[in-house]
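Here's the structure, in structure tokens; my notes come after.
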Amino acid sequence: MRYADGNEARLGDVIAIDKKYRGIVVANFDGNEYADAHPAGQWSYLARGILVDTDFGGLVHYEHEENEENEHMVLVRRGDDL
């Protein structure tokens with residue numbers, strides 16, 4: 001999955017959502033990356049997209065088609081792997 005600016009989503013990324021919320025990518029299904037607290041055995045059934053720990057509602061799964069832009073998510077900074 002890619003953000004609106006073309007950056008590919010990675011584990012640990014801090015993102016802005018709809019210009020007013022924040023979140024941290026805790027699983028990247030496309031890249032097969034999982035935070036220790038969110039292991040593949042628990043979440044890999046989602047298969048595509050990313051899992052974000054948001055400041056507005058906890059864990060949210062975002063999945064987008066290959067040609068669909070994700071304009072409401074912007075990379076704030078790359079984080080350390082969780």
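The values are calculated or read from the model by the stated rules, or taken from the named source; none is laboratory data. What you are looking at is a predicted structure, and each value in this text was computed from that prediction instead of being measured. Here Cβ is always computed from backbone atoms with ideal geometry, including for glycine, and neighbour counts include all displayed protein chains.
The table below gives the values:
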quantity	calculated
Output for segment 1-36, where each listed residue is more than 17 Å from residue 59 (Cβ to Cβ) and hydroxyl-bearing (Ser, Thr, Tyr)	3
Residue selected from segment 3-17 under the condition of a type in the set (Asp, Glu) and part of a loop (DSSP other than H, G, I, E, B), by the criterion modelled with the highest pLDDT	13
Complete set of residues in segment 31-59 that are surrounded by fewer than 15 Cβ atoms within 10 Å (Cβ to Cβ) and under 22 Å from residue 6 (Cβ atoms)	31, 32, 48
